[in-house]
Amino acid sequence: MDPELEPFIPFLPLMDMSDPVAGRKDFAARAAAAPAPDTSRMEIEDHTVSARPDVPVRVYRPDGAQGAVVWLHGGGGVFGDLDTEHPWAARIAGLSGAVVISVGYRLAPENPFPAALDDAYAVLAWAAEHAGRLGTDAGRIAVGGHSAGANLAAAVSLRTRDEQGPAIRFQLLNQPGLDDRYETWSARTFTDTPWFNSAQRAAAWRHYLGTEAATPYAAPARATDLSGLPPAYIATAEFCPNRDEGLAYALRLLQAGVPVELHQWPGTFHGSQAILSAEVSQRQNAELGAALRRALAE
């Protein structure tokens, strides 16, 4: 474990997947305690995307914005909203210089798959349609997210390819949860890792899938054809149950002819980049912003 992260481990609660309502309250309280980002050089607006049902979004437009990213929060598909994601969406906007469209997608178990994917896809279509109003162009829109949000970004990329939907310039997948199966070493082995372990991973998938069988749009690792997808940046954490499925997906994308930048962060765990005082966390967050900036540059 990274020596700067290790002292925090005894104080990190596990996400309570057994009681989503109580877990959401705890998740919101921890997000509210996070250090506030600097938003002095960006405009922030709330919008409603017309869909069935409508989807709330929060748009962050930094000065001199270049390109846009449809940003999907983490939380296992069970926790998170526009407010809990505010500190991280604002940081992504500041670090990348991109317009960040943070999506308040529907949560499981009340709204299992494909509700969140439908919301994300609707926002992508809205972003492409309103690109000029957002200060970008339809040819420079990325999708990205952390954990469950990275799952949605990968799934949106697959669906957009299959349905000839809006063009996606780039996919940013940070510690993605891509596979509902227990076939990787990290998924089977990391039973006591900080913040997120294999039991929580399994519970998140149960909530997200509900009574439905997993499809490639629910679990992108199940897709047999990864050709024709957008270039990707994939980041994994060493002590994360999702680690090996992220690594495997990156290799499969490469084998399918998709450009990939892969970064495996040693000594880190799932979500540890939220510990902003650690130098490795600062580098992780800076890399996410830099990858978006490079991908969306003219």
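Looking at SER96, is it in contact with a Gly (Cβ under 8 Å, 6 or more places away or on another chain), closer than 25 Å to HIS270 by Cα, among the hydroxyl-bearing types (Ser, Thr, Tyr) and buried (at least 22 other Cβ atoms within 10 Å of the Cβ)?
yes
Specify the residue that is farthest from GLU287 (Cα to Cα); the eligible residues are those in region 62-91 that are part of a strand (DSSP E or B) and out of contact with any Leu (no Cβ under 7 Å at 6 or more places or on another chain).
PRO62
Please go through region 269-298 and pick out each residue that is hydroxyl-bearing (Ser, Thr, Tyr) and either part of a helix (DSSP H, G or I) or within 17 Å of the chain's Cα centre (by Cα) (or both).
SER272, SER281
What are the pairs, 6+ residues apart or on separate chains, where a residue within region 31-56 that is modelled with pLDDT of 95 or more has its Cβ under 9 Å from a residue that is among the basic types (Lys, Arg) and assigned to a loop (DSSP other than H, G, I, E, B)?
PRO53/ARG106; VAL55/ARG106
If you check ALA286, ALA295, ALA274, ALA291, which single one turns out to be in contact (Cβ under 8 Å) with a residue 40 or more places away in the chain, in contact with an Asp or Glu (Cβ under 8 Å, 6 or more places away or on another chain) and within 30 Å of GLY135 (Cβ to Cβ)?
None of the other options fit; the residue is ALA291.
Exactly one condition in (1) touching an Asp or Glu at 6+ places or on another chain (Cβ under 9 Å); (2) free of Cβ contacts under 8 Å to residues at least 60 places away in the same chain is false for PHE11; which is it?
Here PHE11 clears every test but (1).
Scan region 188-210 for residues that are aromatic (Phe, Trp, Tyr) and either part of a helix (DSSP H, G or I) or at pLDDT 95 or above (or both) and jot them down.
PHE190, TRP205, TYR208
State the number of residues belonging to region 211-238 that are in a loop (DSSP other than H, G, I, E, B) and either at pLDDT 95 or above or among the β-branched types (Val, Ile, Thr) (or both).
16
Considering only region 92-119, how many residues are outside any loop (DSSP other than H, G, I, E, B) and either out of contact with any strand residue (DSSP E or B) (no Cβ under 9 Å at 6 or more places or on another chain) or under 15 Å from TYR208 (Cα atoms) (or both)?
Final tally of qualifying residues: 6.
Within region 59-80, does at least one residue satisfy the condition of being of a type in the set (Lys, Arg) and crowded, with 19+ Cβ neighbours inside 10 Å?
yes
Just checking, does region 135-156 include any residue being part of a helix (DSSP H, G or I), surrounded by fewer than 21 Cβ atoms within 10 Å (Cβ to Cβ) and more than 16 Å from the chain's Cα centre (by Cα)?
Scanning region 135-156 turns up no residue that is part of a helix (DSSP H, G or I), surrounded by fewer than 21 Cβ atoms within 10 Å (Cβ to Cβ) and more than 16 Å from the chain's Cα centre (by Cα).
Can you pull out every residue in region 15-41 that is under 19 Å from the mean Cα position of the chain (by Cα), closer than 15 Å to TRP195 by Cα and not in a helix (DSSP H, G or I)?
Across region 15-41, the qualifying residues are MET15, MET17.
The values are calculated or read from the model by the stated rules, or taken from the named source; none is laboratory data. No experiment lies behind these values; they were computed from the predicted model shown. No Cβ is skipped: glycine too gets one built from the backbone with ideal geometry, and neighbour counts run over all protein chains shown.
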